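K.L.:
First the structure, then my questions, so here it is.
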Amino acid sequence: MMDSAVLSLLAAFLLSLLGLFAFIWSLRQGLLVENPAAASVIFARGEVGRVDDPALHAADRQSLQAAAAHVPGAGADADDLRSRVLADRSSAFPVFMFVAFACFWLLLGSVAGLTSSIKLHAPDWLVQQGWLTFGRIRTVHLTAVLYGWITNAALGLILWLLPRLLRTELRGAVWTLLGGALINTGIAAGVGAIAMGWSDGMEYLEIPWQIGLFLVAGLAMIILPVLTTLVNRRTEHLYVSVWYLVAALLWVTLLFVVAKLPGVHTGVQQATTNWWYGHNVLGLWFTPVSVGAIYYFLPKIIGRPVRSYNLSLLGFWTLAFFYGQVGGHHLIGGPVPGWLVTLSIVQSLMMVIPVIAFTINMAGTLQGRMHLARWSPTLRFMMFGGLVYLASSLQGSLEALRSVNAVTHFTHYTVGHAHLGAYGFVSMVLFGAIYFMLPRVLNWEWPYPRLVTLHFWLAAVGIAIYFVALTVGGWLQGLAMLDPARAFMESVTLTLPYLQWRSVGGALMLASHLVFVGHFLAMALRFGPMRTGAALFGTAHPESMELAYGK
Amino acid sequence: MENETKLAAGAMVALGVATAALVVLPYLQVSDVPAPAKLKPYTASQLRGREVYVANGCVYCHSQQPRDRALGPDAQRGWGRASVPGDYVYDKPHLLGSMRTGPDLFNVGARQPGKDWHLGHLYQPRAYVRESIMPAYPFLFTVKDAGEAEREGEQPLALPPGFGPAEGQVVVPTPAALDLVKYLQALDHTYPVLPAPPQP
């Protein structure tokens, strides 16, 4: 059975594996020696052991520290803290802008999402206007949440974390503001174009390429300051989050440019490019940003360096090499070259490696401190996101198997999986990151901490209902479609109750976003009682902030 | 590990490998496949109709890629033989689709050739398939006074009883609806092709 094509594919695959490990080896002499110095770079000298959750008020922070059952040392190094304050201040305004845009698009995108969900079980609802038809409002939802919410929040996260991790100020912050303005102009124009019926017609790539130029120019204006900041760093070690964040930023820009090249792609080849992009925008943009965020926030909150630095490195490079090639599993059974689909299935299974590396590492880091999630809402979001990353990745690997894919392909099951990844994992991590970042960005505490808990539970229960409904409904739909004895319409009607439950889950998620964005507005407008009390975007005397930073 | 050049280079190599496999090689392999002899290029009105199909996101519920018998009963459902790369040479953007909330449409022109059926079904799908969850597209039609439509020489829809507009009024399709139906009727890939070479 083994013909030459399979053999050559296998050989190429083994060769690339060997190359990958040689590559990792070359990056690091003494690969088997653990390096706590590199892992501790996120802490100021003397800070290890000290918990950190800016979303908590002072009393709750003390409870968190007490629960960590670890008496912190004499206190963190003042110089290190001062440089962290300066780093935070240099990025405050751009980060605030990106988070504000993200919140706007999150609300708009969720309303559009719930509308399209209801339309699937109420097909005669809101049909008189073209822009409200399912095919358009669904795409408005996708564009608003993927490009508007996740991308803006991810950019804000990158711009906030990098100066901290590199212990330097953000260079060229004004360019990132301009970049953000261009990107959001592009997103607004793209959403408008799609609603009017002007679309490039490929999933995840609907924004017309003429408008896409705004996104590319905007990303370029963010990449340049980021790279300048990188080469001006004051740390010796590049912490693993830096790898994830910088690589992701470069990847998404190239992905978008190649996929959008006008006049190049046609027919079946365009379909493979479409899914190369479609899966990579999750795999090489949302995922590395979120994983990089967890690698920073989780150890930082619990005050303990990441367990195995080498494991995190292995995770990064295996993700980089395997994830890029999995997109073909969206075309299993389609009119595309067989070798391509096989390659993508194999790499989809190889994705188990980075995911397991990440999970072992995080479990080891959290060991004995998992109970801190009861005190720290930020940690709760991060742990939820990390666990769902494991679940959705394993599910994705299984889904790529031909036997499973035969059932789930073309069904709502895939939609459930996509939301598990983009919401249960990525969005939850981004929520947690925003709760951590904003008190540092605005020098103001979250006014109503209970709303953070309310947001968490509404979102968690919402996505759980959403996922279970579509997973069960989609699986049954797939079985019905595969059974030639059952009419096609059976596969439609049997999904109705599940589609209605999906709307229930979606409504809870929307409610959680109203809580979140309302809380964000209250904070930005300086609501609430006693605060740390500095002017918007910083103070003339950063040293005076050290108290709030836990000296 | 201490070096941003390695980071950038490694990241680009990783993406380069993926791009070679999923974008460049398919480009070399299938971008110049010949069109099957019996596949006709789209006419101008069919192309306009295809734009209506794209604009309204039909692709999010309808695939255009019947699968092989080994993978599912697509052929038994009347959706046609498994498609081959040549079937798509005139398709830009591709509309392979990823969902079957509704049936595959690659050969809908062959199994549902009637213009009246398509127009009426777009106006109100539930007039033809009672349990359908396809959206109605009234914005692709105009409701007019019957006399006015007659004076203007427009052909009103013949809708099943109970689904028409009020007494004395008729539904007439817009040019966009007529183009869309022309495109749907052109979706006919029932011509024979040589079986695809065995794939590894």
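K.L.:
Looking at A:T139, A:T151, A:T168, can you tell me which residue is over 21 Å from A:R502 (Cβ atoms), hydroxyl-bearing (S, T, Y) and crowded, with 22+ Cβ neighbours inside 10 Å?
P.N.:
A:T151
K.L.:
For the subset of the stretch A:123-133 comprising residues that are more than 7 Å from chain B (Cβ to nearest Cβ) and in a loop (DSSP other than H, G, I, E, B), which member is surrounded by the most Cβ atoms within 10 Å (Cβ to Cβ)?
P.N.:
Taking the candidates together, the pick is A:L126.
K.L.:
Further question: Consider the stretch A:456-512. How many of its residues are within 11 Å of another protein chain (Cβ to nearest Cβ), of a type in the set (G, A, S) and part of a helix (DSSP H, G or I)?
P.N.:
The total comes to 4.
K.L.:
Ok, one more. What's the number of the only condition in (1) in a loop (DSSP other than H, G, I, E, B); (2) modelled with pLDDT under 95; (3) within 19 Å of the chain's Cα centre (by Cα) that B:E167 fails to meet?
P.N.:
The one condition B:E167 does not meet is (3).
For every residue, the table says whether it meets (1) out of contact with any helix residue (DSSP H, G or I) (no Cβ under 6 Å at 6 or more places or on another chain); (2) within 9 Å of chain B (Cβ to nearest Cβ); (3) touching a residue at least 24 places away in the same chain (Cβ under 8 Å); (4) farther than 21 Å from A:W198 by Cα.
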{"residue": "A:G135", "(1), (2), (3), (4)": "no, yes, no, no"}
{"residue": "A:V145", "(1), (2), (3), (4)": "no, no, yes, no"}
{"residue": "A:G148", "(1), (2), (3), (4)": "no, no, yes, no"}
{"residue": "A:L157", "(1), (2), (3), (4)": "no, no, yes, yes"}
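K.L.:
When the residues of the stretch B:18-34 are filtered to those that are assigned to a helix (DSSP H, G or I) and more than 7 Å from chain A (Cβ to nearest Cβ), which remaining residue is farthest from the chain's Cα centre (by Cα)?
P.N.:
The qualifying residue farthest from the chain's Cα centre (by Cα) is B:A20.
K.L.:
If A:G424 meets every condition in (1) in a loop (DSSP other than H, G, I, E, B); (2) touching a residue at least 12 places away in the same chain (Cβ under 8 Å) apart from one, which number is that one?
P.N.:
A:G424 satisfies all of (1) in a loop (DSSP other than H, G, I, E, B); (2) touching a residue at least 12 places away in the same chain (Cβ under 8 Å) except (1).
K.L.:
Something else now. Any residue at all in the stretch B:101-116 that is more than 26 Å from B:R67 (Cα to Cα), part of a helix (DSSP H, G or I) and either away from every other protein chain (no Cβ under 13 Å) or among the β-branched types (V, I, T) (or both)?
P.N.:
yes
K.L.:
For the stretch B:67-109, which residues satisfy the criterion of being closer than 20 Å to B:E131 by Cβ and hydrophobic (A, V, I, L, M, F, W, C)?
P.N.:
B:W79, B:M99, B:L105, B:V108 - these are the residues of the stretch B:67-109 that are closer than 20 Å to B:E131 by Cβ and hydrophobic (A, V, I, L, M, F, W, C).
K.L.:
Let me ask something else. Anything in the stretch A:201-219 that is touching a residue at least 60 places away in the same chain (Cβ under 8 Å), surrounded by fewer than 23 Cβ atoms within 10 Å (Cβ to Cβ) and over 21 Å from B:R50 (Cβ atoms)? List them, or say none.
P.N.:
If the condition is that a residue be touching a residue at least 60 places away in the same chain (Cβ under 8 Å), surrounded by fewer than 23 Cβ atoms within 10 Å (Cβ to Cβ) and over 21 Å from B:R50 (Cβ atoms), then no residue fits.
K.L.:
Here is a check on your reading of the model: is A:W131 in contact (Cβ under 8 Å) with a residue 40 or more places away in the chain and under 20 Å from A:I183 (Cα atoms)?
P.N.:
no
K.L.:
Then there is this: Test A:G278 against the stated conditions and say whether it is of a type outside the set (S, T, Y), on the phi > 0 side of the Ramachandran plot and either crowded, with 23+ Cβ neighbours inside 10 Å or in contact with a Phe, Trp or Tyr (Cβ under 7 Å, 6 or more places away or on another chain) (or both).
P.N.:
Criteria not met by A:G278.
K.L.:
Among the helices (runs of 4 or more DSSP H) confined wholly to the stretch A:229-337, which include 3 or more residues that are modelled with pLDDT of 90 or more and facing chain B (nearest Cβ under 7 Å)?
P.N.:
A:240-260, A:267-281
K.L.:
Which of the residues spanning the stretch A:338-347 are at pLDDT 90 or above and closer than 30 Å to A:Y296 by Cα?
P.N.:
Correct list: empty.
K.L.:
Looking at B:G153, B:G120, B:G86, B:G147, which one is buried (at least 18 other Cβ atoms within 10 Å of the Cβ) and farther than 13 Å from B:A177 by Cα?
P.N.:
B:G86 is the lone residue from the list that is buried (at least 18 other Cβ atoms within 10 Å of the Cβ) and farther than 13 Å from B:A177 by Cα.
Every residue, every condition in (1) in contact (Cβ under 8 Å) with a residue 60 or more places away in the chain; (2) under 22 Å from the mean Cα position of the chain (by Cα), yes or no:
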{"residue": "A:V240", "(1), (2)": "yes, yes"}
{"residue": "A:N280", "(1), (2)": "no, yes"}
{"residue": "A:G303", "(1), (2)": "yes, no"}
{"residue": "A:S308", "(1), (2)": "yes, no"}
{"residue": "A:V326", "(1), (2)": "yes, yes"}
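K.L.:
Scan A:S63, A:S83, A:S117 and give me the residue that is at pLDDT 95 or above and of a type outside the set (A, V, I, L, M, F, W, C).
P.N.:
Being at pLDDT 95 or above and of a type outside the set (A, V, I, L, M, F, W, C) holds for just one of A:S63, A:S83, A:S117, which is A:S117.
K.L.:
Working only within the stretch A:317-351, note down all residues that are among the aliphatic types (A, V, I, L, M) and either farther than 16 Å from A:F21 by Cβ or in contact with a Leu (Cβ under 7 Å, 6 or more places away or on another chain) (or both).
P.N.:
A:V326, A:L331, A:I332, A:V336, A:L340, A:V341, A:L343, A:I345, A:V346, A:L349, A:M351
K.L.:
Give the number of residues within the stretch A:183-208 that are in a helix (DSSP H, G or I) and within 11 Å of another protein chain (Cβ to nearest Cβ).
P.N.:
4
K.L.:
Looking at A:T414, A:T408, which is the one that is of a type in the set (S, T, Y) and in contact with a strand residue (DSSP E or B) (Cβ under 9 Å, 6 or more places away or on another chain)?
P.N.:
A:T414
K.L.:
Can you find even one residue in the stretch A:58-75 that is in contact (Cβ under 8 Å) with a residue 24 or more places away in the chain, buried (at least 16 other Cβ atoms within 10 Å of the Cβ), not hydrophobic (A, V, I, L, M, F, W, C) and not in a helix (DSSP H, G or I)?
P.N.:
Yes: the stretch A:58-75 contains one or more residues that are in contact (Cβ under 8 Å) with a residue 24 or more places away in the chain, buried (at least 16 other Cβ atoms within 10 Å of the Cβ), not hydrophobic (A, V, I, L, M, F, W, C) and not in a helix (DSSP H, G or I).
K.L.:
Is at least one residue of the stretch B:61-72 buried (at least 18 other Cβ atoms within 10 Å of the Cβ), part of a helix (DSSP H, G or I) and more than 8 Å from every other protein chain (Cβ to nearest Cβ)?
P.N.:
Within the stretch B:61-72, not a single residue is buried (at least 18 other Cβ atoms within 10 Å of the Cβ), part of a helix (DSSP H, G or I) and more than 8 Å from every other protein chain (Cβ to nearest Cβ).
The values are calculated or read from the model by the stated rules, or taken from the named source; none is laboratory data. None of these values were measured; they are calculated from a predicted model. Here Cβ is always computed from backbone atoms with ideal geometry, including for glycine, and neighbour counts include all displayed protein chains.
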